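This report refers to the structure that appears directly beneath it.
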Amino acid sequence: MKESQNTEWKESWRDEYLKWLCGFANAEGGVLVIGRDDKGTAVGVKDAKKLLEDLPNKIRDVLGIMADVRLVPDGGKELIEIRVDPYPYPVNYKGEYHYRSGSTKQELKGAALDKFLLRKQGRTWDGVPVPDATVRSLSKDALDAFRARASQSQRMTAADLKESKSGLVEKLHLTDGKYLKRAAVLAFHPEPERFVTGAYVKIGFFRTNDDLLYHDEVHGDLFTQVGRTMDLLLTKYLKAAITYRGIQRVETFPVPEPALREAILNAIIHKDYATGVPVQISVYADKLMVWNPGQLPQDWTVEKLKAKHASLPYNPGVANVFFRAGEIEAWGRGVERILAACREARFPEPVIEQEATGLWIQFPFSPEIVERTAAGLAPEAANDRTREKPREKTREKLLRLVKGDPTVSTEALATALGITPKGVEWQIKRLKADGLLTRVGADKGGHWEVSE
């Protein structure tokens, strides 16, 4: 016999053991055996009959629950067995909330207590109302962008999408009476950090674990965070290997774009925002790691997460908004899609690890791509006509284009370079800081000068 999630042994009774019964009631239920030592040996109790009479009343009066207390013989010894069922509502011991986890008892405090109380009430963190947030404070741009996405996904009716701000928010079930829910603030407020600490993304490029070369922070509503994070990763943090199909240039990033996007969506949507800690993305020369301060559902393992499983979003309100926008599926297939994208691209399978403070997903880069991007050469690609020649750096090509046309627009540069306008803006900012590029005149009507 061993102590476990549902079993605890004590040699004799003390009133403080009511805390253990409280912990069982708040978790999955359990049995407290009085008269057995830590090794499981029956030592018996001297006052078994008195305990049999007193304990049911004491448990009822202090904890407010009913317990099955019985006398159990074992090898000529008398033991007291107290069996407690799991309770659907929170049980407290003199104002303290205890919880059984593994073979230990924990007193719940702070964010853990908030999460526990919400769960017992059938509510979620993102469904809590925010008194100081109003529909008027939500971003019109964010809501309009959502309307466009939802129209394309056809997961909302045209009539619903024509609703006013307040009407659309109500159709998405983002209100609680006259208040907005936290999910509404995260999805559509231009500054969700005014209400939710740590509601942003950090990205850093590391030479080694303790050598950070540069970093960025991504703020704004959650849809903006997903878009800007992807943009930064693809234009600033990840080097693409180049292949050619005929005359068409093809960029292959060290992480398949669909897998990368799915990982970012999962981290932002399923994050435990009560922690006050941002999503963190660490990029190295040979890997990319996404850390999400969230937890798997109770009794889930990483293996279950990787297999077919039910959809149990940590923030169902946020998940519903992203589903209606066509950004995610509703069947818990996020991790499956990540693994499938990596298999289809013949990239290494990502490594998923759960720890006490959150969840890691690590994308190891293909050794061939690492080697060839470092050398500036295109990788070998099946069925592709590959030209192995030194790759012209983006900044060098940008300078060459500006020299040829000093009035060239950002949009034209983006098309010629094969990157986004945001990526062009970042490159220009760095070139100006290095003294290689100067803007003369206004944004409209001015021109560029390249320093020799």
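The values are calculated or read from the model by the stated rules, or taken from the named source; none is laboratory data. Fair warning: this is a prediction, and the values are worked out from it, not measured in the lab. As a convention, Cβ positions derive from the backbone with ideal geometry for all residues, glycine included, and neighbour counts pool all protein chains shown. For accessibility, only protein heavy atoms count, side chains too; no ligands or nucleic acids. Shrake-Rupley method; radii C 1.70, N 1.55, O 1.52, S 1.80 Å.
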Under the 7 Å Cα-to-Cβ spin-label approximation, E355 and L161 lie apart by a distance in nanometres of 4.2 nm
Euclidean distance of C-alpha centroids, the range 269-319 and the range 151-190, integer Å
24 Å
Nearest 10, in degrees from 0 to 90: the angle of helix 222-232 to the longest Cα principal axis of the chain is 50 degrees
To the nearest 20 debye, the range 157-259 has a Cα-centred charge dipole, built from +1 on Lys and Arg Cβ and -1 on Asp and Glu Cβ, of 200 debye
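Peptides 183-190, 63-70: what's the order by average Cβ count within 10 Å, highest mean first?
Numbers: 183-190: 25.5, 63-70: 15.9.
Descending mean neighbour count gives 183-190, 63-70.
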State the answer as a single residue: which of P88, G102, G227 lies farthest towards the positive end of the charge dipole of the chain, with beta carbon charges of +1 for Lys and Arg and -1 for Asp and Glu, about the Cα centre.
G227
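Carbon and sulfur together cover what percent of the accessible area of the chain at a 1.4 Å probe radius? Walk me through the numbers on the way to the answer.
Working: 11500 of 23710 Å².
Carbon and sulfur together cover 49 percent of it.
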Over 18 Å between Cα atoms: which of K202/K393; K115/K181; K58/K105 fall into that group?
K202/K393; K58/K105
Per the rule of 0.36 nm per residue minus the C-alpha distance, extending R119 to N209 adds in nm 28.7 nm
Rounded to whole Hz, the Karplus (6.51, -1.76, 1.60) HN-Hα couplings of the range 144-157, x for glycine and proline:
5, 5, 5, 4, 5, 5, 5, 5, 5, 6, 6, 9, 9, 6
Roughly speaking, what is the stretch gain from R70 to S12, that is 0.36 nm per residue apart minus the C-alpha to C-alpha distance, in nm to one decimal?
19.4 nm
Suppose every Lys and Arg Cβ carries +1 and every Asp and Glu Cβ carries -1, with no other charges. What dipole size does the chain come out with about its Cα centre, to the nearest 20 debye?
900 debye
Taking only protein heavy atoms and a 1.4 Å probe, what accessible area per residue, in Å², does the chain have with all protein chains in place?
52 Å²
Roughly how far apart, in whole Å, are the Cα centres of the range 403-452 and the range 338-362?
37 Å
Helix-only [θ]222 nm of the chain, DSSP H runs n ≥ 4, -39500 (n - 2.57) each, per residue, nearest 500:
-10000 deg cm²/dmol
Can you compute the equivalent ellipsoid semi-axes for the chain, i.e. the square root of 5 times each eigenvalue of the Cα gyration tensor, sorted largest first and rounded to whole Å?
56, 27, 18
Farthest positive-ward along the range 36-145 dipole, Cα basis, beta-carbon charges - from A111, G76, T41:
G76
Quick one: 3J(HN,Hα) in Hz for the range 114-126, Karplus 6.51/-1.76/1.60 with θ = phi - 60°, rounded, Gly and Pro as x.
4, 4, 4, 5, 5, 4, 5, 8, x, 10, 10, 4, 6
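Taking 0.36 nm per intervening residue step and subtracting the Cα-Cα distance, what contour gain separates A111 from E53 on full extension?
Stretched fully, the A111-E53 segment lengthens by 17.0 nm.
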